[in-house]
Amino acid sequence: DAGVIQSPRHEVTEMGQEVTLRCKPISGHNSLFWYRQTMMRGLELLIYFNNNVPIDDSGMPEDRFSAKMPNASFSTLKIQPSEPRDSAVYFCASSLVPREQYFGPGTRLTVT
Amino acid sequence: GESVGLHLPTLSVQEGDNSIINCAYSNSASDYFIWYKQESGKGPQFIIDIRSNMDKRQGQRVTVLLNKTVKHLSLQIAATQPGDSAVYFCAENMRGAQKLVFGQGTRLTINP
């Protein structure tokens, strides 16, 4: 089992640029979660999907953030345009059994 | 990944001693609780869980205690080892919901 796969692991970009983070959940899992972790706010849920359908996006900070899950094996989190305050570590997690989430290694995003 | 909060609680213990990490949860309707371990540069990893119909659950070298009266959760690690150094998060969940709400986290450091 490869676990949850995220790419890139590190991303450095300039303010105003578009950023796309990618996630491959564990095969067979039907729920996918995007989190953001910062020193100030801790671990925050941004959005989650069940069977590729967005269920709760109340944690998405603003319209600059969008997430898609075109199929069961792939999801993206996009920030356009990016701002320095978006700098954080972004985690993807997946689950099969409700509430048992497995996290990926994260993408460290730095916006300068 | 980064840890949480400018004032992340820190617990320092001697190698071989027992560690107790505490967590206060907020929602009296929560009925499922999880402890996660996050090592530097990695995503949170599941350690142990407990349902609200239990007061105690034991794993390998770890024990979770739940006190619903005061909404308190603790994680006990026996014979702490250097590999236990990490940030530990508790998370709570309500029945029927897939969302986990994470606590602030506690950094555990092991002194040789």
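Values in this text are rule-based calculations from the coordinates and carry no lab data. Because the structure is a prediction, the values reported are computed rather than measured. All Cβ positions, glycine included, derive from the backbone under ideal geometry; neighbour counts span all protein chains shown.
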Exercise. What does the convex hull of the Cα atoms of segment A:47-102 come to per residue, in Å³, rounded to a whole number?
Worked result: 95 Å³
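May I have the convex hull volume per residue, in Å³, for the Cα set of segment B:33-72? Walk me through the intermediate numbers first.
Working: hull volume 3.0 nm³, N = 40.
Enclosed volume per residue, from the Cα hull, is 74 Å³.
Can you give the alpha-carbon Rg of segment A:20-81 over 2.2 N^0.38 Å, where N counts its residues?
Numbers: Rg = 11.5 Å, N = 62, 2.2 N^0.38 = 10.6 Å.
For segment A:20-81, the normalised Cα radius of gyration comes out at 1.09.
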Exercise. Given +1 on the Cβ of Lys and Arg, -1 on the Cβ of Asp and Glu, and no further charges, what dipole in debye does chain B carry about its Cα centre, rounded to the nearest 20?
Worked result: 340 debye
Exercise. What is chain A's relative contact order, in percent, from Cα pairs under 8 angstrom and six or more apart in sequence?
Worked result: 37 percent
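So if I place +1 on the C-beta of Lys and Arg and -1 on the C-beta of Asp and Glu, and nothing else carries charge, what would the dipole magnitude of the protein assembly as shown be about its Cα centre? I want it in debye, nearest 20.
Working: 22 positive and 21 negative charges, 77 e Å.
It works out to roughly 380 debye.
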For this session: List the GluC sites (Glu not before Pro) within segment A:1-107 that fall in a DSSP loop (any state other than H, G, I, E or B) and whose Cβ has at most 15 other Cβ atoms within 10 Å.
Result: A:Glu14, A:Glu18, A:Glu62
For this session: Based on alpha-carbon positions alone, could you give the equivalent ellipsoid semi-axes of segment B:48-112 from the gyration tensor, as √(5λ), descending, whole Å?
Result: 23, 14, 10
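Where the eigenvalues come from the Cα gyration tensor of segment B:1-83, what are the semi-axes √(5λ) of the equivalent ellipsoid, largest first, in whole Å?
The answer is 22, 16, 13 Å, longest axis first.
Find the Cα radius of gyration of segment A:7-112, compare it with 2.2 N^0.38 Å by division, and give the number to two decimals.
On the way: Rg = 12.9 Å, N = 106, 2.2 N^0.38 = 12.9 Å.
That ratio works out to 1.00.
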Exercise. Peptide B:44-52: average number of partner chain Cβ atoms within 10 Å per residue?
Worked result: 2
Exercise. Using unit Cβ charges (K, R positive; D, E negative) and no other charged atoms, how large, in debye to the nearest 20, is the dipole of chain A about its Cα centre?
Worked result: 220 debye
For this session: Just need the Rg to Rh number for the protein assembly as shown, please, alpha carbons only, Kirkwood Rh.
Result: 0.97
Problem set entry | Cα lying deepest toward the dipole's positive end in segment A:1-99, options A:Ala88, A:Ile55, A:Ser27, charges on Cβ | A:Ser27
Problem set entry | Partner lysines for A:Lys24 [C-alpha distance under 30 Å; skip if fewer than 8 residues away on the same chain] | A:Lys68, A:Lys78, B:Lys37, B:Lys42, B:Lys99
